[in-house]
Amino acid sequence: MPTRHACDLPALFKQRFGREPMLFRAPGRVNLIGEHTDYNDGFVLPAALDLVTYVAIAPRADRLINVHSLNLGSEVSFDLDGAQQPARNWSDYVRGVAAELLNSGYRLCGADVAIFSTLAMGSGLSASAALEVGFGYALLSVSSEAIDRLKLAQICQRAENEFVGMRCGIMDQFISCHGVAGAALLLDCRSLEARPIPIDPAIRIVVCNTMVHHELASSAFNQRRKECEDAVTLLSPALGGVSALRDVSLTQLHAQAGLLPALIYRRARHVVSENARVMDAVAALEARDFAAVGKLMNASHDSLRDDYNVSCRELEIMVDLSRRAPGTYGARMTGGGFGGCTVSLVSAEAAEGFADVVGPAYKEATGLTPMIFSCYPAAGAGPAHF
Ligand code: GLA
């Protein structure tokens, strides 16, 4: 992934648009535990990363939005007064956010925009949410509109649901807006209440990028979401009108197993058990019982592989190698699955040697050179300095 020093964003903005920009940033995320629970009204435990999307922006007197992506070397223009149509490329994230901000009643001005990200698209660290949130935050700022972080997160999620066609939950956009330095956030995706869970100095969160991203990710994601909705429809009459899998306990699910086809039962079992694991992991983190947190992370991964079927060969190899590395408490896939990244909980003393053990072994098994780094939870979106 490129570092922020790889690009002098303000100078490049000036070169392209001939004036000084204002600068903003929005982070990607790693999720410690609570996968595929957000769109089931459940619990998640993400942390914002110090890998971010930077947005340089200056207002225009007209209603034109010009967006230049420095990573892709590509530029798009659209008119805020025109009908917004998906272009089926990266620009849909920004077009969608502009359209949803307008739908929500914000009065936007036109703008020249240059974007540079240290998050690679498709790496499973929510580069898309960082792009949506960074662009939305910057556009509201130059339009002199007040920023309500929760509303912004919801608008960006809607942009992705409606405009891009990916029926994601709220986790990625929420953490990009609300990240807290030094802490993960326990988020209740129904009430949208969040509580910071500080990351103890004795542990490190280590992210390993498998460097693969399988194409079926988006269609399989939407299919999983539909299967969860089917489970609710089938369980609801017996359970007195539950509205999401969040409302179902493991005991209830076992008792009503006969109502569900085998596949739908397994999908529901993942979600229901994963919600319980999030709460257990938070209690264990607060009790500094890192071995227990690690076991819950391992169980989360195994459930995602066996019941939810969103793992792949490269994730399995990475998780297996990570679990066997000295000082690892637990390891699992993070994000939607089908490639992307793993997250490991590693003791602080062992974290430095982790990449030297796991990196070469992963390369030998797959032929791919992984990216492995410890992350320090960062703050949510805001003004940036270069
Ligand atoms: C993707 C989605 C999130 C969430 C995760 C799985 O990152 O964007 O909303 O559903 O997958 O936990």
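Within the range 171-184, how many residues turn out to be within 14 Å of the ligand (Cβ to nearest atom) and surrounded by fewer than 24 Cβ atoms within 10 Å (Cβ to Cβ)?
Total meeting the criteria: 0.
Checking the conditions here, which among 276, 287, 292 is within 20 Å of residue 39 (Cα to Cα) and at pLDDT 95 or above?
Being within 20 Å of residue 39 (Cα to Cα) and at pLDDT 95 or above holds for just one of 276, 287, 292, which is 276.
Scan the range 156-165 and give yes if some residue there is touching a residue at least 40 places away in the same chain (Cβ under 8 Å), away from the ligand (no atom under 11 Å from the Cβ) and of a type in the set (D, E, K, R), otherwise no.
Within the range 156-165, one or more residues are touching a residue at least 40 places away in the same chain (Cβ under 8 Å), away from the ligand (no atom under 11 Å from the Cβ) and of a type in the set (D, E, K, R).
Take the residues in the range 100-122 that are in contact with a strand residue (DSSP E or B) (Cβ under 6 Å, 6 or more places away or on another chain) and polar (S, T, N, Q); name whichever of them is farthest from residue 49 (Cα to Cα).
Looking at the filtered set, the residue picked out is 117.
Condition test on residue 208, is it in contact (Cβ under 8 Å) with a residue 40 or more places away in the chain, surrounded by 16 or more Cβ atoms within 10 Å (Cβ to Cβ) and either at positive phi or away from the ligand (no atom under 16 Å from the Cβ) (or both)?
Criteria met by residue 208.
Restricting attention to the range 305-336, and to residues there that are within 14 Å of the ligand (Cβ to nearest atom) and under 22 Å from residue 127 (Cα atoms), which single residue is surrounded by the fewest Cβ atoms within 10 Å (Cβ to Cβ)?
Restricting to residues being within 14 Å of the ligand (Cβ to nearest atom) and under 22 Å from residue 127 (Cα atoms), the top hit is 311.
Could you check the range 1-116 for strands (runs of 3 or more DSSP E) lying wholly inside it with 3 or more residues that are crowded, with 16+ Cβ neighbours inside 10 Å?
22-31, 46-59, 64-69
The values are calculated or read from the model by the stated rules, or taken from the named source; none is laboratory data. The shown structure was predicted, so the numbers you read here are calculated from the model rather than taken from an experiment. All Cβ positions, even for glycine, are placed from backbone atoms using ideal geometry, and neighbour counts span all protein chains on display.
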